[in-house]
Amino acid sequence: MMDESCIFCKIAAGEIPSKTLYEDEEFKVILDLGPATKGHALILPKNHYRDLFDLPEEEAQKAMILTKKMALRMRERLACDGFNLVQNNEEVAGQTVFHFHIHLIPRYEGDGQVIGWKPGKPGDAELEEIRKLIVEE
Ligand code: AMP
Ligand code: ZN
C-alpha cells in the first residue's frame, strides 16, 4: 500500500534517504529533518494511511508499542529528561505530511521548546454539554 506522491512512502521504501533508527517489515523510525530537539524522531508505518482515522487497529497497537520501546531506548542513550508524543491529524491540527506518523520528542531541562496550547476556562455546564455530546446516543 503505497501512495506514489507521498514522501514518507518513499522514505519507507528506501527511495529517499533517511536517518533510520529502527526498521522492520511494517515500520520505520527516522530522525525528523526539522527537529524540535536533539533526537526528535518519527514513527512511520510502511503502509500508507493518511492519519489516525485511517490507521487499522492492529497497526495502531503496534505503533504504540514501538513508540514505547523507542522512547525507552532514546531516554537511555540521549539522557533526556522527558518526552512529548505528538500526532497531528489534518491541516487544522498542524499535519503537513499526510501519511500517519507519531512524533517522539525528547525533552531536556532548559531546551526552550514550547509544545502546547492555551488552556480554556469552561464552566461546569459547558463541560457537561460537551461530555453529553460525545457520549450520549
Ligand atoms: P506533521 O507536521 O505532523 O505532518 O510532521 C511532519 C514532519 O515531517 C515535520 O516535523 C518535518 O520536519 C518532517 N519531515 C518532512 N520531510 C522529512 C524528511 N524527508 N525526512 C525527515 N523528516 C521530514
Ligand atoms: Zn505515504
If the elastic network links every pair of Cα atoms under 10 Å, which of 37, 96, 20 fluctuates the most in the Gaussian network model of the chain? 96
Work out the length of the dipole vector of region 1-68 about its Cα centre, built from +1 on the beta-carbon of each Lys and Arg and -1 on the beta-carbon of each Asp and Glu, and round it to the nearest 20 debye. 420 debye
Under 10 Å, Cα contacts only: if you run a Gaussian network model on the chain, which one of 83, 100, 53 comes out with the highest mean-square fluctuation? 53
Quick note, region 1-116: a/c under 1.5 would make it rounded; otherwise a/b > b/c is prolate and the rest oblate (a ≥ b ≥ c, C-alpha gyration tensor); here it is prolate
Nothing charged except the Cβ atoms of Lys and Arg (+1) and of Asp and Glu (-1): what's the magnitude of the dipole of the chain about its Cα centre? Round to the nearest 20 debye. 780 debye
Cα-based reach from residue 121 at 26 Å (exclusive), listing lysines while leaving out same-chain residues under 8 positions away: 132
For the chain, with a Gaussian network of springs between Cα atoms less than 10 Å apart, report the residue from 34, 82, 14 with the top mean-square fluctuation. 34
Which residue, 100, 36, 47, has the largest displacement toward the positive end of the dipole of region 19-103 when charges sit on each Cβ (Lys, Arg +1; Asp, Glu -1)? 36
Among the lysines, which have Cα under 30 Å from the Cα of residue 38 when same-chain residues fewer than 8 positions away are ignored? 10, 19, 28, 46, 62, 68, 69, 118
Along Cα→Cβ, 7 Å out, is where each label goes; now give me the distance between the ones at residue 60 and residue 107 in nm to one decimal. 2.5 nm
Return a whole-number percent for the relative contact order of the chain, with Cα pairs under 8 Å and 6 or more residues apart as the contact set. 23 percent
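Computed from the coordinates by the stated procedures, all read-outs in this text should not be read as laboratory data. None of these values were measured; they are calculated from a predicted model. Because the Cβ atoms are built from the backbone with ideal geometry, glycine has one as well, and the counts that use them run over all protein chains shown.
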